[in-house]
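The values are calculated or read from the model by the stated rules, or taken from the named source; none is laboratory data. Keep in mind that this is a model prediction, so the values were computed, not measured. In this analysis, Cβ positions are derived from the backbone assuming ideal geometry, glycine residues included, and neighbour counts consider all displayed protein chains.
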Amino acid sequence: MSEQEQMRERSLEEEFTKRIAQDEKIEPKDWMPQRYRQMNIRQISQHAHSEIVGMLPEGNWITRAPSLLRKVTLLAKVQDEAGHGLYLYSAAETLGISRDEMYEQMLCGKAKYSSIFNYPTLTWADIGAIGWLVDGAAIVNQVSLTHTSYGPYARAMVRICKEESFHQRQGYQIMYKMANGTPEQKAMAQDALNRWWWPSLMMFGPRDAESTHTDQSMAWKIKIKSNDTLRQMFVDQAVPQADILGLRIPDPHLRYNPETAHYEFGAIDWEEFWQVVKGHGICNKQRLADKNKAWKEGEWVRKAAVAYAEKQAKKRVRKAG
Ligand code: FAQ
């Protein structure tokens, strides 16, 4: 790079830093540091993959939902997650990566998606626990991301959060019904809470002290709040909700600290977290196998969509001529 180019780069970077400090949104055609672009691609594509792989644990229960109403509601929720994935892939595409490339990274296991979706859904109560806890945790994170500095991501978050709120309510309502049902149903709800509680806390990522990206992400306002701050907000919100359900959070160290006005909680099993992130969770292999199978079986749909689009384009040309 010539000296003149270096000076120009520095002044662009200064202008960028000023815009971030003033809470201006960065838009696709604006100048941005290469690393800012890459960090957004990484986070947004991982988020998109999470929505797409996240359809599988609940999709598992669509055929076994206990009533027509529950089936319709669950079907709509799972379809919403697909929509979230698509908005997010589109937001990432504005940064110069194609959806095919991102999808390929997910299918071959190179890209990450949220650890939580590598746990199995064993009973109907798990569907309640996912809505309540997993969507609940996702909302806490995503509400803060509505203020993220990259415009297309921030706008996608606003819409996604509205739908996630409905998801959280439907999950909590399933838990409420079961927790107030027969002793067997209440036991199922407690068992689901026991299995989903700790993985939900892990969704927020490693402790701040061990997080690779938080410092730079927060400096660029890609992330607005740190992993530990968001995790604490989630715990403070979920504990009173468990009390209303009459269920017990599976943590003997959980206690309210009136001085800090926060719930203190026990140690998270970080060994388990990293094992799951590295591909050794209960369902990692099955999730990727299912996504690859769906991709292969959907080939004729993609071909048909392209053929249809080409036919329509030819029709338009004929009409215009
Ligand atoms: N799982 O330096 P940090 C949903 C990785 S959406 C797997 O702290 P960062 C909706 C991280 O990627 C749920 N990997 O990373 C729904 C990094 O690896 P890398 C998804 C994780 O990015 C509900 C490394 O560890 N939400 O649930 C996890 O600053 C129900 C170091 O970590 C989002 O994606 C994890 N839990 O903070 C759908 C929100 N945590 O890339 C269906 C947007 C960390 O260097 C049903 N994302 N890692 O190889 C974020 O806010 C952030 O990316 C964090 C992680 C907070 C997830």
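Quick look at the values:
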| read-out | value |
| --- | --- |
| Candidate set: region 144-183, residues that are among the hydroxyl-bearing types (S, T, Y) and touching a strand residue (DSSP E or B) at 6+ places or on another chain (Cβ under 7 Å); chosen: the one nearest to L230 (Cα to Cα) | S149 |
| Condition broken by N284, with the remaining ones in (1) within 12 Å of the ligand (Cβ to nearest atom); (2) farther than 30 Å from D23 by Cα; (3) without any contact (Cβ under 8 Å) to a residue 24 or more places away in the chain satisfied | (3) |
| Search result, residues across region 144-177 that are touching an Asp or Glu at 6+ places or on another chain (Cβ under 9 Å) and farther than 16 Å from V239 by Cα | H147, S149, Y150, G151, P152, I160, E163, E164, S165, F166, H167, Q170 |
| Matching residues, region 25-53, being near the ligand (Cβ under 9 Å from one of its atoms) and within 24 Å of T212 (Cα to Cα) | M39, R42, Q43, I44, Q46, H47, A48, H49, S50, E51, V53 |
| Test: residue in region 194-212 that is over 20 Å from the mean Cα position of the chain (by Cα) and within 9 Å of the ligand (Cβ to nearest atom) | yes |
| Enumeration of residues in region 73-87 that are within 20 Å of R287 (Cα to Cα) and either modelled with pLDDT under 95 or buried (at least 16 other Cβ atoms within 10 Å of the Cβ) (or both) | L74, K77, V78, D80, E81, H84, G85 |
| Selection status of R19, out of contact with any His (no Cβ under 7 Å at 6 or more places or on another chain) and more than 19 Å from M157 (Cβ to Cβ) | yes |
| Among (1) closer than 18 Å to I130 by Cα; (2) crowded, with 18+ Cβ neighbours inside 10 Å - the single one I244 does not satisfy | (2) |
| Matching option when the condition is more than 9 Å from the ligand (Cβ to nearest atom) and in a loop (DSSP other than H, G, I, E, B), among K186, K221 | K221 |
| Residue match in region 224-241 (condition: touching a Ser or Thr at 6+ places or on another chain (Cβ under 8 Å), closer than 24 Å to E27 by Cα, near the ligand (Cβ under 9 Å from one of its atoms) and part of a helix (DSSP H, G or I)) | no |
| Residue satisfying condition, being away from the ligand (no atom under 12 Å from the Cβ), buried (at least 16 other Cβ atoms within 10 Å of the Cβ) and part of a helix (DSSP H, G or I), within set R155, R70 | R70 |
